[in-house]
Every structure is written in C-alpha cells, then in structure tokens.
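Okay, so here's the structure we're looking at.
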Amino acid sequence: MKCNRCGERAEIKLRQHNAAFCRTCFVPLLQKHVRRSIRKQKMFSLDEHILVAVSGGKDSLALWDILIELGYQTTGLHLSLGIGDYSDQSTELAVAFAEARNLPLLNISLREEGLAVDDATAFTNRPACSACGTLKRHYFDKLAIDRGFPVVATGHNLDDEAARLLGNVLHWQMDYLARQKPVLEPTHERFVRKVKPLYRTTEFESAAYCFFRKIDYILDECPNSAGATQLKHKEVMNQLEAASPGTKLSFVQDFLERARPMMQSEANRPPLTCEGCGMPSFTERCSRCRLVREVQTKRARYADRARSE
Amino acid sequence: MRITILPERKTVELSGRRLVSNVLRDLGYLPGTAMVIRGDELIPEGEMIEADDEIEIRSVISGGI
C-alpha cells in the first residue's frame, strides 16, 4: 500500500477518507487538521496561554504534543484521580512527557485536595465515571480561573463525541445536546472556555500519532470503565463505521452544523453560584460539593458505627 | 505468527500467512479499533503478515462515563 501523498510505503490507512499515508506525511497532516479545527471553531489564538488537561492517555498527550508543534503557549494540568495503580501509572507518564520536553505541568492530587475518585465510589452509590467527571469538571474550571488561564483544552476525540452524541440522542437529552460542541464559552465568571481540538480526530489517529512520535501513554484501560455505557455506544458506532466508513465524522459534523444551532435556546440558561465553593452550579450546591458532603456524612456514620461495635 | 495483544497482555499463535484485516476480524476487532505493529512500524489493513512474524495488536479504544 502506497502513501497518497509521496508514494512511499503507507503505514496507516484512513478508511473514512479512503486514503493511506506514510508516517512522514501523516504526522504533519494530522497537526494541520487540528490547526484547521482550532481556527475554524475559533478555539483560541496564538496569544492565549492554554491549559491542556493531560490524563497520561494517548489523546491528551497527542493533543499537547500537537499544540506545542503548532507553536501554541501551553501548560499541562494533570489530575491524579486516586484510582489505584492506574492513576499512579498515568501520573508517571504525564510527568515523564512534560519533563522530557521541559514543559510546565500542574500536577494535582485529588486525594490531597480532599476527595479522590476511590473515596467517592467507596462511600456513595454513584457510578465511578459520574464522580470522576464531576471532580474533573470542577478542578478544570477552578484551577484555570485561580491561575489565570482563559481556556482549557481537553483530548476528547471524534469517537468520544460520536458516542456521546449517540447517548444524548437515545435519551433526547436536550440540555446536553445544546451544550455538545467543540467550544463551550463560559456562562459564569468562574467558568473558563473549554475546547476540544481533537473533535474530528479518531482514536485510531491519535494512537497512531503517539506511536509515530514515540510518545509513551497508558495502555491499560481505566479499571472503572468496564461495562461503561460510553464503551457500548462506541462499539455501536464502530460497527456502523465498519459498514459505512465516514459515519462517525458525518454524524458529529452534521449535528454541529445542522441540528445543534436549533437547540441554541436550551444552552442559554445561566448557572447559579454554588453556596459551598462559589463555583458555577445549576442547583444551590454544585455536584462536587454535594458529592463531598455525601462522602463526609457516610464516612462519619461508618466511623461512629465502628466505634460502637 | 505470534501475536501479543495489548492492553490484555495475552499471547496467541496463528498459522500461515494472513491479511491484517483477516487477523483483526478473526480476533474480534472491528476496523479502526486496533493498531497492528511489527517492530517499529504499523502494518495497515490490506497488507500481509508473514507466518513467522511477531506482531503486537494494540487496542485504541478508551473511555468511561
């Protein structure tokens, strides 16, 4: 198989584009595609300092690498989630990436901040992914605001967006659909702009990018993700993609261009301010503060019970 | 051929010379959900894996929520 650009041996075939590329052509091509997404969606400019959320996985490390190669000013943000060995390994990889390239990285331990994901799942009935998402969203905004970053970039890819869109459509989650876009402008003084520069990049492309660029990322799957609904939605989308290449891209792209603008009014409801932490919330207390309170209450109850036994 | 499957860290043996896409299909992978690696290079769908090759199949799917 030959590279569509230079005719050398191809190492990657992109079925959605009916094209194949060698690594020498693929790497700058993907960087160029991401730059096009950033510009088209007006995500950020070269003058802005971007906080890049880095998990230690392939997507966020590929994103950080691409942004650096494109000349953007970046600082990494790694949240050590407190999910056993998985989090320890993820942290090591994020730190190693930053150190090898002499890049600034904020490395925040949720356990030291008072509530790790393992605590949330041990003391509440919430699914681990729900608690994890709540904590991540809270700290992305809080740390960006506290340290003066105007924008947080995350490594959400096309597969994530297609699976999320499918889930939102299956349940007609109108609020979520209205907010599903590659640029989320702040609707509260303690929100920052959130952007997804890889929203048109597949998981396969970001994994291949890391392979070609020799970026070490965590291969293990999060232990909490077994049986996660998003993975089931991804499998359905991958089956559709296998039958009809390009389905994922057109599903997300057509939604953004044709359907989502009709949902604009749903997205305009401004948040309140959380009574607990002052961060934005759609209820009196934000979901992170409710989670913290639930864990504290149950932890105290278990401690009382243990003392009385 | 000897195949290492990641992240499960499993090893399987298949006989004969085979197409990448057939190996992926036989091991239960949909197209675009795993990289096939031989040494320092990726092998795209449509190419052959030789009977005496040692390869790695690395899933690219991640997620939660």
Taking amide hydrogens as modeled 1.01 Å from N in the peptide plane, which residues meet the under 5 Å criterion relative to residue A:106, leaving out close sequence neighbours? A:76, A:77, A:78
The value for segment A:221-290 (convex hull of the alpha-carbon atoms, volume per residue, Å³) is 141
Taking H placed 1.01 Å from N in the peptide plane, check which residues at least 5 places from residue A:73 or on another chain put their amide H under 5 Å from its amide H. A:50
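Quick one: work out Rg over Rh on the C-alpha atoms of segment B:2-59, Rh as Kirkwood radius. Walk me through the numbers on the way to the answer.
Details: Rg = 10.0 Å, Rh = 11.2 Å.
Taking Rg over the Kirkwood Rh, I get 0.90.
Could you give the DSSP H helices of chain A that reach 20 angstrom or more along their long axis (alpha carbon positions) and whose average Kyte-Doolittle hydropathy is no lower than -0.5? Please list the in-between numbers first.
Numbers: long enough: A:23-40 (25 Å, -0.54); A:84-101 (27 Å, -0.44); A:128-147 (28 Å, -0.24); A:229-243 (22 Å, -0.79); A:287-308 (32 Å, -1.34).
Answer set is A:84-101, A:128-147.
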One-quarter of the Cα convex hull surface for segment A:54-97, in nm²? 2.8
Going from the alpha-carbon gyration tensor of segment A:166-210, what semi-axes, largest first and in whole Å, does one get by taking the root of 5 times each eigenvalue? 24, 19, 6
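So what's the back-of-envelope 222 nm ellipticity for chain A, counting only DSSP H runs of four-plus at -39500 (n - 2.57) apiece and dividing by all residues, rounded to 500? Don't jump to the answer; show the numbers that get you there.
Values: 12 runs with 154 residues, N = 309.
Rounded to the nearest 500, it is -15500 deg cm²/dmol.
Of all alpha-carbon pairs in segment A:140-187, indicate the percentage at a distance above 12 angstrom.
Working: 773 of 1128 pairs.
Tail of the P(r) past 12 Å holds 69 percent of the pairs.
Express as a percent, rounded to the nearest 5, the fraction of DSSP beta bridges in segment A:1-145 (both residues included) that run antiparallel. Spell out each step's value before the answer.
Working: 4 of 14 bridges.
Approximately 30 percent, going by the DSSP bridge assignments.
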Selection from A:52, A:236, A:128, by position along the positive dipole direction of chain A (Cβ): A:236
Debye-sum result for segment A:110-167 in log10 I(q)/I(0), which assumes one identical scatterer on each alpha carbon, at q = 0.16, 0.26, 0.28 Å⁻¹: -0.67, -1.05, -1.07
Please figure out what share of the DSSP beta bridges in chain A is antiparallel and state it in percent, rounded to the nearest 5. 35
Please identify, among A:11, A:112, A:92, the residue showing maximal mean-square fluctuation in a Gaussian network model of chain A using a 10 angstrom Cα cutoff. A:112
Report the rotationally averaged projected area of the protein assembly as shown based on its alpha-carbon convex hull, in square nanometres. 20.7
Over the Cα atoms of segment A:149-239, what Rg and Dmax result, in angstrom? 14.9, 42
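Work out the length of the dipole vector of segment A:1-127 about its Cα centre, built from +1 on the beta-carbon of each Lys and Arg and -1 on the beta-carbon of each Asp and Glu, and round it to the nearest 20 debye. Working shown, then result.
Working: 16 positive and 15 negative charges, 252 e Å.
That gives a dipole near 1220 debye.
Throughout, read-outs are computed from the coordinates displayed, never taken from laboratory work. Here the structure is a predicted model, which is why all the values come from computation and not from measurement. In this analysis, Cβ positions are derived from the backbone assuming ideal geometry, glycine residues included, and neighbour counts consider all displayed protein chains.
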